[in-house]
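What follows is a single structure, written as structure tokens, with notes after it.
The values are calculated or read from the model by the stated rules, or taken from the named source; none is laboratory data. Nothing here was measured: the structure is a model prediction, and the numbers come from that model. Virtual Cβ from ideal backbone geometry, glycine too; neighbours counted across all protein chains shown.
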Amino acid sequence: MFKTVQWKLVVIFLLLMLLAMELISVYLLQSLDQYYLDDYRERMSSEADLIRSLLERHLAEEQDEEYISQLIEEFGKQAQNEITVLDENGRILATSSGEENLPGKVIAEQEITRALSGNRGTDIKLNQSTNVREKSLAIPVERGNQILGAIYLVGSLERVDETLGEVRTILFTGTVFAMIVTVVLGIILSRTITRPVQVVTQTAQAMAQGDFNQRIEVKSDDEIGNLGKMFNYLAYRLDHTLKEISSEKAKVEAILTQMSDGVIAVNRNREIIHINPAAEKMLDLDGEKLINHSAEPIIDKFVTNDEFQNMLEGDNFIRKEKNITTNEKRVLQAQLVPFKAERKQHEGVIIALNDITEQQDLIQMRQEFVANVSHELRTPLTTVKSYIETLLDGAYKDEKVSQNFLDVVYKETNRMVSMVKELMVLSQLDRKEPVIEFNSIDVKEVVYRSVNFIEPIKKDRNINLQVNISSENDDIYIQGDSNKLTQVFTNLLENAIKYSVYGGQVDLELSCVEKAVEIKVKDNGIGIPSKDLPRIFERFYRVEKARSRAQGGTGLGLAIAREIIQAHGGDITVSSQEGKGTEVYLFLPKVQEAHYVGAS
């Protein structure tokens, strides 16, 4: 068993793992040992320095051995180290070991000798009686250049050795576990090499029995991978002819199903042999019920019988546009092209349908827009021209007449400038240009600013404007453009005032509805006829053009208002009854004030 490639790889993985674990263990144990020794040395040094600072005066002056013994005894009760105080000759003055016969004896340890010469001395030794390592530290006690004695500390490293022993146990356990994991992973990884060889063998056996649909999954670029590629290529070449036809058919079917243009195939007998989903939708038909049924109702929508027959007999094609009435009125462009099969004569006709309803609508809208702009500019330009011509004919000599004429020219010019500016704003909004500058704003401030702007026109028409704001003491924040929203609110208030009766009532209400801010502008004016309501947001649309123009409107205010509100993620709706008044509702997304703290 161990002669197989699989087990040889497992042994190699195992040896590499053992080498790595050995290196890691040695490095980790040495690092931990050094770390604990350094930490222990620092604590011993701090303790020794503290004792030296307390004993320095006593060693320098009277060498009160009784006081020194009491002090060392107290320290010994709290410290983990054995403390010994020596004089300048190395004689023991006091010790915390508890042995009464030690004072007066001389200790000749190497570290003490270094301390009595003015240097710190440290050492690590093995205690023969306890078989535990001990750390020793000796520091000099000196005043000026005079050595007064030494402080000698000895501490057990038993806890350090126990910790290192626990780490060794953990490392050993980890090594055993790693060996098990390595063997398991080695078996799994080695199978990635041996398994492809088995697959190639099984595939070769299947191909030898005539099954050419077998494929080898190639996962590498090595020799085994190349062998698998050659087997796959061989199977592909043998199976290619049968699958090519099926593949092409599937491609065509997918294209016809997913394409946006409608496609209908009709045979020579004028029977539908294929219709795609787009054509079904355009003509409002059920394709499954039409297959192999007469296509006469569809063909008759676009061509006559003679035109259809001429296509089958020749190579010409027909392109026509027709208004098709279904559940939705559509304008369809149809192109009819004959197709051939294996025989030279035409087998039928392909009808390709293109829905150009939106294109026609856009063309019509563009034409209406150009006509409206031309009309709106022509009227003031004609007025300006006639007044200027009158002035040039001599009317300028009459100061009163010329002043009136110039006032009219000035007003008409301002109206044209205003219209051009509004058209530019609409153009920017249509092109999705960044005309909206979003900031955290209080809607109440925008409302009050708009009310101040329309104060003059309100006074001129003696309108009673009532402003009602819910949560008067709370700020109502949204993320929006203060200037653009002021423009919208001002426009709505101006409309309400202009189309209200003299001395009428206009109400503006601001409230919070769930996650939105609702603004309602209500008047008791002339109202809007129900037939005009669906079109009031169209550009240049006026309910009563003569009166609207007399009020100074351009027919663009509501169109701009809707674009601005929608750019804020909101909505605007209008309800009205002719002769009773109009209500305009604005809905804007609401945010919490805290969410926009610090917003620019």
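Observations on the structure shown:
Table: residues versus (1) within 15 Å of V349 (Cα to Cα); (2) of a type outside the set (S, T, N, Q); (3) in contact (Cβ under 8 Å) with a residue 60 or more places away in the chain.
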position	(1), (2), (3)
A250	no, yes, no
A254	no, yes, no
V263	yes, yes, yes
N269	yes, no, no
I272	yes, yes, no
D306	yes, yes, no
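- Any hit, region 205-219, residues being exposed (fewer than 13 other Cβ atoms within 10 Å of the Cβ) and assigned to a helix (DSSP H, G or I): yes
- Top-ranked residue of region 498-534 - restricted to ones that are assigned to a loop (DSSP other than H, G, I, E, B) and of a type in the set (D, E), ranked as surrounded by the most Cβ atoms within 10 Å (Cβ to Cβ): D532
- Against the criterion of being under 16 Å from V337 (Cα atoms) and small (G, A, S), A295 qualifies.
- Checked against the criterion of being at pLDDT below 90, within 28 Å of F540 (Cα to Cα) and either polar (S, T, N, Q) or within 40 Å of the chain's Cα centre (by Cα) (or both), the candidates V521, V425, V501, V513 yield just one match: V425.
- Scan of region 459-494 for residues that are assigned to a helix (DSSP H, G or I), over 35 Å from the mean Cα position of the chain (by Cα) and in contact (Cβ under 8 Å) with a residue 40 or more places away in the chain, ordered by number: T490, N491, L492, L493, E494
- Residue satisfying condition, being small (G, A, S) and surrounded by 12 or more Cβ atoms within 10 Å (Cβ to Cβ), within set G144, G121: G121
- Screening region 72-111 for residues that are modelled with pLDDT under 80 and β-branched (V, I, T) and picking the one that is nearest to the chain's Cα centre (by Cα) gives I72.
- Sole residue being modelled with pLDDT under 70 and either outside the structural domain of V160 (by the TED database) or under 30 Å from Q198 (Cα atoms) (or both), chosen from V5, V11: V5
- Close contacts from region 275-288, counting a first residue that is under 15 Å from I356 (Cβ atoms) and a second that is assigned to a loop (DSSP other than H, G, I, E, B) and aliphatic (A, V, I, L, M), with Cβ to Cβ under 7 Å and a gap of 6+ residues or different chains, come to A278/M259.
- Residue within region 221-231 that is more than 30 Å from Y36 (Cβ to Cβ), among the aromatic types (F, W, Y), outside the structural domain of V11 (by the TED database) and surrounded by 12 or more Cβ atoms within 10 Å (Cβ to Cβ) present: yes
- Of all residues in region 157-190, those satisfying the criterion of being among the small types (G, A, S) and in contact (Cβ under 8 Å) with a residue 60 or more places away in the chain are G174, A178, G186, S190.
- Residue among N372, N354 that is surrounded by 12 or more Cβ atoms within 10 Å (Cβ to Cβ) and at pLDDT below 75: N372
- With respect to the stated conditions, E399 fails to be farther than 19 Å from A559 by Cβ, at pLDDT 80 or above and loosely packed, with under 11 Cβ neighbours inside 10 Å.
- Test: residue in region 506-522 that is in contact with an Asp or Glu (Cβ under 6 Å, 6 or more places away or on another chain) and among the small types (G, A, S): yes
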